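Note sheet for the following structure.
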Amino acid sequence: MKTSNISLGENVVIDPSTTINNVKIADHVKIAKFCSIYGSETHQLEIGKRSYIGMFSILNGYRKKLRIGESVSIAQNVNIMTDSGPNASEEMQKIFPVTEDEVSVGDHSWIGANVVIMPGVHLGKFCVVAANSFVNKSFPDYSMIGGNPAKLIKKLPQPDEI
């Protein structure tokens with residue numbers, strides 16, 4: 001495991017194959033194999049307590065703030081990024097400008113396998129993102145979303161409605 005500038009809570013489990021830096025990880029977080037999780041000295045990435053990050057996931061909080069809430073479940077091969085295309089040529093950036101913006105995933109949310117979450121996305125609490133979705137806009141609390149691009153599938157019931 002390669003680490004730098006990290007703050008770990010209690011009972012944190014990180015697979016040795018994972019690379020992390022500039023990250024604040026709360027209590028009881030589990031991070032699986034071969035993940036890359038990084039913030040920067042000016043934008044420390046935060047992972048809330050009791051959250052899980054699945055194998056082969058990339059959490060890129062280098063350019064802007066990235067916050068994962070409490071009790072969030074992120075499946076395998078998820079890519080959450082605060083900047084897009086930093087290695088694109090200047091010519092390509094004229095066609096597809098690089099974007100940079102904060103990203104947050106609300107408490108108790110589930111992110112399915114192979115999901116991509118783009119810069120500027122804010123997911124509310126209790127959101128569910130279907131596998132293989134491309135999320136390029138924000139959604140409020142209790143949203144079930146999916147697709148490419150992701151759209152609202154339905155509003156989930158709140159606890160007092162069940």
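The values are calculated or read from the model by the stated rules, or taken from the named source; none is laboratory data. This is a predicted model, so every value here is computed, not measured. Cβ placement follows ideal geometry from the backbone for every residue including glycine, while neighbour counts extend to all protein chains displayed.
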Output the residues belonging to the stretch 32-53 that are in contact (Cβ under 8 Å) with a residue 40 or more places away in the chain and either surrounded by fewer than 19 Cβ atoms within 10 Å (Cβ to Cβ) or over 15 Å from THR19 (Cβ atoms) (or both). GLY48, LYS49
Can you say whether GLY61 is touching a Leu at 6+ places or on another chain (Cβ under 8 Å), over 22 Å from GLY147 (Cβ atoms), buried (at least 18 other Cβ atoms within 10 Å of the Cβ) and touching a residue at least 40 places away in the same chain (Cβ under 8 Å), as far as the supplied structure shows? yes
Taking the stated definitions as given, is VAL23 surrounded by 15 or more Cβ atoms within 10 Å (Cβ to Cβ), in contact with a strand residue (DSSP E or B) (Cβ under 7 Å, 6 or more places away or on another chain) and among the hydrophobic types (A, V, I, L, M, F, W, C)? yes
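For (1) in contact (Cβ under 8 Å) with a residue 24 or more places away in the chain; (2) of a type in the set (Val, Ile, Thr); (3) over 15 Å from ILE68 (Cβ atoms), each residue gets a yes or a no:
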| position | (1), (2), (3) |
| --- | --- |
| THR99 | no, yes, yes |
| VAL105 | yes, yes, no |
| ALA130 | no, no, yes |
| ASN136 | no, no, yes |
I need the full set of residues from the stretch 146-162 which are modelled with pLDDT of 95 or more and surrounded by fewer than 18 Cβ atoms within 10 Å (Cβ to Cβ), in order please. GLY147, ASN148, PRO149, LYS151, LEU152, ILE153, LYS154, LYS155, LEU156
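Looking at ILE117, ILE95, which one is more than 18 Å from ASN148 (Cα to Cα) and free of Cβ contacts under 8 Å to residues at least 60 places away in the same chain? So that I can check it myself, show each step before the final result.
Values: ILE117 fails: more than 18 Å from ASN148 (Cα to Cα).
Of ILE117, ILE95, the one residue that is more than 18 Å from ASN148 (Cα to Cα) and free of Cβ contacts under 8 Å to residues at least 60 places away in the same chain is ILE95.
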What is the residue count in the stretch 129-145 for residues that are surrounded by fewer than 20 Cβ atoms within 10 Å (Cβ to Cβ) and in a strand (DSSP E or B)? 2
Can you say whether LYS125 is surrounded by fewer than 16 Cβ atoms within 10 Å (Cβ to Cβ), assigned to a loop (DSSP other than H, G, I, E, B) and not aromatic (Phe, Trp, Tyr), as far as the supplied structure shows? no
Picked from the stretch 76-94 (must be part of a loop (DSSP other than H, G, I, E, B) and at pLDDT 90 or above), the residue surrounded by the fewest Cβ atoms within 10 Å (Cβ to Cβ) is GLN76
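Can you work out which of the residues in the stretch 55-64 that are assigned to a loop (DSSP other than H, G, I, E, B) and under 11 Å from the mean Cα position of the chain (by Cα) is modelled with the lowest pLDDT? Explain how you work it out, then say what you get.
From the stretch 55-64, those assigned to a loop (DSSP other than H, G, I, E, B) are 55-57, 61-64; that's our starting set.
With the extra rule that they be under 11 Å from the mean Cα position of the chain (by Cα), the set shrinks to 57, 61.
Numbers: SER57: 99, GLY61: 95.
Ranking the qualifying residues of the stretch 55-64, first place goes to GLY61.
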Is at least one residue of the stretch 151-158 touching a residue at least 12 places away in the same chain (Cβ under 8 Å), within 26 Å of ASN22 (Cα to Cα) and not in a strand (DSSP E or B)? no
One residue from PHE126, PHE96 being in contact with a Phe, Trp or Tyr (Cβ under 6 Å, 6 or more places away or on another chain) and aromatic (Phe, Trp, Tyr): PHE126
